[in-house]
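The values are calculated or read from the model by the stated rules, or taken from the named source; none is laboratory data. Here the structure is a predicted model, which is why all the values come from computation and not from measurement. Ideal geometry is used to build each Cβ from the backbone, glycine not excepted, and the neighbour counts take in all protein chains shown. Just so you know, the surface numbers come from the protein's heavy atoms only, side chains and all, with ligands and any DNA or RNA stripped out. Shrake-Rupley method; radii C 1.70, N 1.55, O 1.52, S 1.80 Å.
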Amino acid sequence: MPGKPEPRLLLFDIDGTLLATGGAGERALVAAIAEEFGDPDGMRGIEIAGRTDSLIAHQVLRRYGRPETPEEIARFLDLYVSHLTRLLPVTEGRLLPGIVPLLAALQKRDDILLGLLTGNLARGAELKLTQYGIWSVFSFGAYADDHHDRNELGRFACARLLEKHGIEIPPERIYVIGDTQHDIACGKAFGAKTIAVATGRSSVQELAAFGPDFVFEDLSDVEAVLAVFG
């Protein structure tokens, strides 16, 4: 008889991978900058796709000559979260193609654990995933609160896996799933397999140029995605 399958860990990005908020996150950043610095166009030139909220906060403070201290960063991010809380319920967003049936299928598998690896703050992640009904699917995550450099988040995810489930899974059985080149780089940084999905701002061709292990147009072909995990 075949043995029990070895466990696999799937770490999902949020924005552009699991869901689209209809711009609520960016609007919340714009509102926070306008309130704090009086500039209604404060996000010009700041890249947000694939970046951590804490790194974005560093960039914003630098632009306006504020010291990049933990206190100033926390102050700005608290303001951002307050606007995100206000905007999410009144902004038209959606879960992305295939997410509902894919998560349902993955939850049925005893050999798969589901976590988050995201540039969102933990509070922002909970707000967004609760708004779209999937927060309870994920038992743990690594967030912008842990480190401003996304490439450092893999080790936090592995530590939380051990803390939450009492097991260690080697990188070759960990999959980072995201929609930007930064997700691919993050997975590669700790030896995980990478799955790129072109449901964000990058095409299949653009993502493929960064060498992910797998790349999909979207996650609607659930059987094809599941086949990646054996």
Test each condition in (1) without any contact (Cβ under 8 Å) to a residue 60 or more places away in the chain; (2) surrounded by 15 or more Cβ atoms within 10 Å (Cβ to Cβ); (3) part of a helix (DSSP H, G or I); (4) hydrophobic (A, V, I, L, M, F, W, C) for A196 and report the one that comes out false.
(3)
When both residues are 6+ apart or on different chains and their Cβ atoms are under 8 Å apart, which pairs have a first residue that lies in the range 207-230 and is among the acidic types (D, E), and a second that is in a helix (DSSP H, G or I)?
E217/V204
Matching residues in the range 44-64 - criterion: being over 20 Å from the mean Cα position of the chain (by Cα) and open to solvent by less than 30 Å² (accessible area, probe 1.4 Å)
V60, L61
Apart from one, (1) farther than 30 Å from L87 by Cα; (2) of a type in the set (F, W, Y); (3) touching a Leu at 6+ places or on another chain (Cβ under 6 Å) all hold for Y132; the odd one out is (1)
Selection count where residues are touching a residue at least 40 places away in the same chain (Cβ under 8 Å) and within 25 Å of S202 (Cα to Cα), scope the range 158-184
10
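Out of L127, L84, report the one residue that is open to solvent by 10 Å² or more (accessible area, probe 1.4 Å) and either modelled with pLDDT of 95 or more or under 30 Å from F229 (Cβ atoms) (or both). Break it down stepwise before answering.
On the way: L84 fails: open to solvent by 10 Å² or more (accessible area, probe 1.4 Å).
Only one candidate passes the filter, namely L127.
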Per the list (1) touching a helix residue (DSSP H, G or I) at 6+ places or on another chain (Cβ under 9 Å); (2) open to solvent by less than 60 Å² (accessible area, probe 1.4 Å); (3) not hydroxyl-bearing (S, T, Y), residue check on A208 breaks on (1)
Yes/no for V215 being of a type outside the set (D, E), outside any loop (DSSP other than H, G, I, E, B), farther than 19 Å from A105 by Cα and at pLDDT 95 or above
yes
Between a first residue in the range 34-49 that is modelled with pLDDT of 85 or more and a second residue that is of a type outside the set (A, V, I, L, M, F, W, C) and open to solvent by 80 Å² or more (accessible area, probe 1.4 Å), which pairs have beta carbons less than 6 Å apart while being 6 or more apart in sequence or on different chains?
A34/P40
Starting from the range 99-113, keep only residues that are within 16 Å of V228 (Cα to Cα) and polar (S, T, N, Q), then list their pairs with residues that are open to solvent by less than 90 Å² (accessible area, probe 1.4 Å) and part of a helix (DSSP H, G or I) whose Cβ atoms are within a distance under 9 Å, requiring at least 6 positions of separation or different chains.
Q107/V137
Sort out which residues of the range 18-41 are in a loop (DSSP other than H, G, I, E, B), in contact with a Leu (Cβ under 8 Å, 6 or more places away or on another chain) and either open to solvent by 20 Å² or more (accessible area, probe 1.4 Å) or not polar (S, T, N, Q) (or both), and write them in order of number.
L18
